[in-house]
Amino acid sequence: MDDEKRRHITVTATTPTQLDLQPGQRLALRYVVTQRLRSDGSGVLYLVTEQATGEEVDVHVLHLRGR
């Protein structure tokens with residue numbers, strides 16, 4: 001699916017490991033990481049697949065704050 005048409009979700013990391021997810025790992029029990037798209041000053045953008053629907057979703061995981 002085209003990047004501009006995918007749903008985009010933003011979450012804040014609860015652990016440092018959420019900023020270094022690998023393909024096949026689960027995020028929030030609902031998503032499976034397909035690939036790491038990019039990282040920036042605010043966090044990391046992943047392409048994930050929603051388990052229930054098979055939909056590809058962009059998830060931006062923001063850096064931990066105050067830690």
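On inspection, Val44 qualifies as touching a Lys or Arg at 6+ places or on another chain (Cβ under 8 Å), outside any helix (DSSP H, G or I) and of a type in the set (A, V, I, L, M). Does Arg65 satisfy being of a type outside the set (Phe, Trp, Tyr), open to solvent by less than 30 Å² (accessible area, probe 1.4 Å) and over 12 Å from the mean Cα position of the chain (by Cα)? Spelling it out, it is not the case that Arg65 is of a type outside the set (Phe, Trp, Tyr), open to solvent by less than 30 Å² (accessible area, probe 1.4 Å) and over 12 Å from the mean Cα position of the chain (by Cα). Taken over segment 4-35, the residue count meeting the criterion of being assigned to a loop (DSSP other than H, G, I, E, B), hydroxyl-bearing (Ser, Thr, Tyr) and open to solvent by 70 Å² or more (accessible area, probe 1.4 Å) is 1. If only residues of segment 47-58 that are in a loop (DSSP other than H, G, I, E, B) and in contact (Cβ under 8 Å) with a residue 12 or more places away in the chain are counted, the one that is farthest from the chain's Cα centre (by Cα) is Ala52. If you go through segment 41-59 and keep only what is open to solvent by 30 Å² or more (accessible area, probe 1.4 Å) and closer than 18 Å to Arg7 by Cβ, you end up with Thr49, Gln51, Ala52, Thr53, Gly54, Glu55, Glu56. With respect to Arg38, determine if the residue is surrounded by fewer than 14 Cβ atoms within 10 Å (Cβ to Cβ) and either aromatic (Phe, Trp, Tyr) or in a strand (DSSP E or B) (or both). So Arg38 passes the test.
The values are calculated or read from the model by the stated rules, or taken from the named source; none is laboratory data. This one's a predicted model, so the numbers in the text were calculated from it and none came from an experiment. Neighbour counts are summed over all protein chains in view; Cβ atoms, including those assigned to glycine, are modelled from backbone coordinates with ideal geometry. Only protein heavy atoms, including side chains, enter the accessible area calculation; ligands, DNA and RNA are left aside. Shrake-Rupley method; radii C 1.70, N 1.55, O 1.52, S 1.80 Å.
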